[in-house]
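Colleague: Dumping the structure here so I can ask a few things about it.
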């Protein structure tokens, strides 16, 4: 049990809040002189009918006199409405390092979600369209969320809900028949399909009858007519082939790649269920579900021509997933503009008494822009993810080459690939997910900034310390005594220990909030605190052998925490930089 957990248990013995509620409000003061943890007593004011300041003072006396806490808590202080706890330094040093050594490569892993099935739907690019940076946001965010749940024991099912259906495919079929080039499709499928799709919209301005032809083509596709179905399947196959190249490079895999088309045959089941509940209402020839009691506009289920839309297919997907996976949570990692769509779909599911209707979550995120607006791509009007990744890797390779001219080329390329891809991932994960991302190469690849490069450099620094210390010393570290660990009393050492201890706390909070940035911020704080310690305190030059072992044990615990956090974010560590 770490200090956070132990303190939560202690407080739970004296106040009426649950352990979950206590853990959620327990704070880490901004400065160490204010304590290691602070409990705000505002949450108790209503139940105790007292001023928070008085509650804090009474709790200090109550907790302090209840048991001998000196081996765990050094002292308790009151600061206004806050109860500030100072953890015993020797206790923290021994507890943190022992727990880190025992956890090995999986610090902070737990079985909190053991037995739970969590579906995470993410990435979900549109067939026949470029894989752009907007899809990168959902891809990296969804992958990190899936990793967080899996790390805490959940059975995670990763869904790539491909956009492979809808009236746009009627347009694409018509466009291909009119202007498609088979050789161009073989050479660059996405580029060719994008070309004819764009041309359709340009031509439709002067030839509105094309829109009618597109609607008819989609109707034929829904009826499984041979020609339309064959073209659609070809478009899907060549698109997936292109997408899989990107997924392979990013080492991302999915358990299920059923696209929207998969659920088309299940729409009648949705319609029947809504009819049984007398929820379908005709509106201008279309069928909708009224959602006035939820403060929402009616949800369109079937268009006037009988064709399906996103909502009807998402409802079918819910029924399928509930039946096939019996999920405990169904998480949609989809952009903020779709907020109203999911509110409507979830409301319909609830109103129609769908199984698992209350177990669906929309995890929204912002948009992506380049700082200088100068990023050019093959398409001319969108930033392709493949271009972004390649540019990042090439820029990283140039930086490494200028700083380490002796590094063998194969090692340089491997490091540049990991650091370059990691830099892009971190840029998407470092801030709150609903904030817009503005890319700046100077910031993203700054080895001293809030970047993956800085974190990876810190991991490499820890690794270098262990390597320079030698095998014999490394073996001694594994069997280090408690007395040696108790030598970690310096402020810089204690700050590092505290931030190692907060890593599991950040994992839990990141998972609950579907917010990997909480974890990313914590490992960045840990890296900063370690580098401050590294520069201010001797490690390999330490004259006291026991203290040398303790500081190397501390460095090893930092490396394991940083490496684990990066891995959860999908970022691979490098051995040296």
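Each value in this text was obtained by applying a stated rule to the coordinates, not by laboratory testing. For clarity, every value in this text was computed on a predicted model and none was experimentally measured. Cβ: placed from backbone, ideal geometry, glycine included. Neighbour counts: every protein chain shown.
Colleague: Note down the nm distance, to one decimal, between modelled labels 7 Å out along Cα→Cβ at residue 116 and at residue 269.
Modeller: 2.6
Colleague: Over the chain, what is the relative contact order in whole percent, taking alpha-carbon pairs under 8 Å and six or more residues apart?
Modeller: 15
Colleague: Let me ask something else about it. Could you work out the pair-distance distribution P(r) of segment 3-87 from its alpha-carbon pairs, with 5 angstrom bin width and percents rounded to whole numbers?
Modeller: Taking every Cα pair in segment 3-87, the percentages come to 3, 15, 28, 30, 18, 5, 0.
Colleague: Between helix 133-151 and the chain, what is the angle of the helix's C-alpha long axis to the longest principal axis, kept within 0 to 90° and rounded to the nearest 10?
Modeller: 50
Colleague: Moving on to the next point. Ranked by Cβ crowding within 10 angstrom, fewest neighbours first, how are 78, 25 ordered?
Modeller: In order of increasing Cβ crowding within 10 Å: 25, 78.
Colleague: Also, quick follow-up: Please find the FRET efficiency linking residue 234 to residue 438, where r is the Cβ-Cβ separation and R0 is fixed at 45 Å, and quote it to the nearest 0.05.
Modeller: 0.75
Colleague: Ok, one more. Within segment 547-573, name every residue whose backbone N is under 18 Å away from a label modeled 7 Å from Cα of residue 471 along the Cβ vector.
Modeller: From segment 547-573, the list is empty.
Colleague: Here is a follow-up. Taking neighbour Cβ counts within 10 Å as the exposure measure, how do 387, 410 sort from fewest upward?
Modeller: 410, 387
Colleague: Let me ask something additional. Taking N as the number of residues in segment 378-434, what is its alpha-carbon radius of gyration divided by 2.2 N^0.38 Å?
Modeller: 1.31
Colleague: Give me the percent relative contact order of segment 170-250, please, defined on Cα pairs under 8 angstrom at least 6 residues apart.
Modeller: Dividing the mean separation by the residue count of segment 170-250 yields 38 percent.
Colleague: Could you calculate the FRET efficiency of residue 448 with residue 46 from 1/(1 + (r/R0)^6), where r is the beta carbon distance between them and R0 is 41 Å, rounded to 0.05?
Modeller: 0.30
Colleague: Hey, another quick one. With just the Cα atoms of segment 449-571, tell me how far they stretch along each of the three principal axes, in Å, largest first.
Modeller: Extents along the principal axes, in whole Å: 45, 25, 25.
Colleague: On a 0 to 90 degree scale, rounded to 10, what angle separates helix 189-204 from the longest Cα axis of the chain?
Modeller: Tilt of helix 189-204: around 50 degrees.
Colleague: Continuing with the same structure: Dividing the alpha-carbon radius of gyration of segment 168-235 by 2.2 N^0.38 Å (N being the number of residues), what value is obtained?
Modeller: That works out to 1.06 for segment 168-235.
Colleague: Let a ≥ b ≥ c be the square roots of the eigenvalues of the Cα gyration tensor of the chain; is it rounded (a/c under 1.5), or, if not, prolate (a/b larger than b/c) or oblate?
Modeller: Oblate.
Colleague: Could you list 479, 138 so that the one with the fewest beta carbons within 10 Å of its beta carbon is first and the one with the most is last?
Modeller: 479, 138
Colleague: Angle between the Cα long axis of helix 491-512 and the longest principal axis of the chain, 0 to 90 degrees, nearest 10?
Modeller: Compared with the principal axis, the helix lies near 30 degrees.
Colleague: If I take every Cα pair under 8 Å that is 6 or more residues apart in segment 3-87, average their sequence separation and divide by the length, what percent do I get for the relative contact order?
Modeller: Over segment 3-87, the number comes to 28 percent.
Colleague: Would you mind getting me the FRET efficiency between residue 297 and residue 276? Use the beta-carbon distance for r and R0 = 35 Å, nearest 0.05.
Modeller: Result of the calculation: an efficiency of 0.90.
Colleague: Related question: Taking a ≥ b ≥ c as the square roots of the eigenvalues of the Cα gyration tensor of segment 419-504, is the shape rounded (a/c under 1.5), prolate (a/b larger than b/c) or oblate?
Modeller: prolate
Colleague: Something else about it: Would you calculate a helix-derived [θ] at 222 nm for the chain, using -39,500 (n - 2.57) for each DSSP H run of n ≥ 4 and dividing by the full residue count, to the nearest 500?
Modeller: The per-residue figure over the chain is -18000 deg cm²/dmol.
Colleague: Here's something else I'd like to know. Quick one: work out the % antiparallel among DSSP beta bridges in the chain, nearest 5.
Modeller: Of those bridges, close to 55 percent are antiparallel.
Colleague: A further question follows. Testing the spin-label approximation: label points 7 Å from Cα along Cα→Cβ at residue 409 and residue 542. State their distance in nm.
Modeller: Each label point lies 7 Å from its Cα, and together they span 4.3 nm.
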